[in-house]
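Okay, so here's the structure we're looking at.
The values are calculated or read from the model by the stated rules, or taken from the named source; none is laboratory data. Please read these numbers as outputs of a predicted model, since none were measured by experiment. Note that each Cβ is placed from the backbone with ideal geometry, even for glycine, and that neighbours are counted across all protein chains shown.
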């Protein structure tokens, strides 16, 4: 992967992570009317957000070595916990354990998809 492509992946990861932070720390009373009536649909948003973060960060980590993507899940799980804890300081937001579990699940699926796809695209040669 040349430097320009790598830089684009880093920028994409940064933009996604920043967008996730802003979205989860937006004051609850300023959410659009559509988002306020979602009920448990926010779990789908959490899952998809962390799935995409897991995929992108795994792709970046996979450039280091084949085991580096395994570190993405604990990093995203820790970030998800920190994200939920800091939402208690935002008006109209609260810390929700189900959101954190959904974040962890999305990150695990994202990392898993990356590992499966990279395994089939780059299989290791069998020992003779």
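Anything in the stretch 45-84 that is over 18 Å from residue 18 (Cα atoms) and without any contact (Cβ under 8 Å) to a residue 24 or more places away in the chain? List them, or say none. Listed by number, the residues that qualify are 61, 64, 65, 67, 68, 71, 74. Scanning the stretch 85-128 for residues being loosely packed, with under 10 Cβ neighbours inside 10 Å and touching a residue at least 60 places away in the same chain (Cβ under 8 Å) gives a total of 1. Is it true that some residue in the stretch 14-22 is within 18 Å of the chain's Cα centre (by Cα), loosely packed, with under 11 Cβ neighbours inside 10 Å, in a helix (DSSP H, G or I) and modelled with pLDDT under 85? Within the stretch 14-22, one or more residues are within 18 Å of the chain's Cα centre (by Cα), loosely packed, with under 11 Cβ neighbours inside 10 Å, in a helix (DSSP H, G or I) and modelled with pLDDT under 85.
Checking each residue in the stretch 30-40 for being in contact with a helix residue (DSSP H, G or I) (Cβ under 9 Å, 6 or more places away or on another chain) and either at pLDDT 75 or above or in a helix (DSSP H, G or I) (or both) picks out 35, 36.
Restricting attention to the stretch 64-84, the residues that are part of a loop (DSSP other than H, G, I, E, B) and surrounded by 13 or more Cβ atoms within 10 Å (Cβ to Cβ) total 1. Within the stretch 89-113, the set of residues being assigned to a helix (DSSP H, G or I) and closer than 17 Å to residue 42 by Cα comprises 97, 98, 99, 100, 101, 102, 103, 104, 105, 106, 107.
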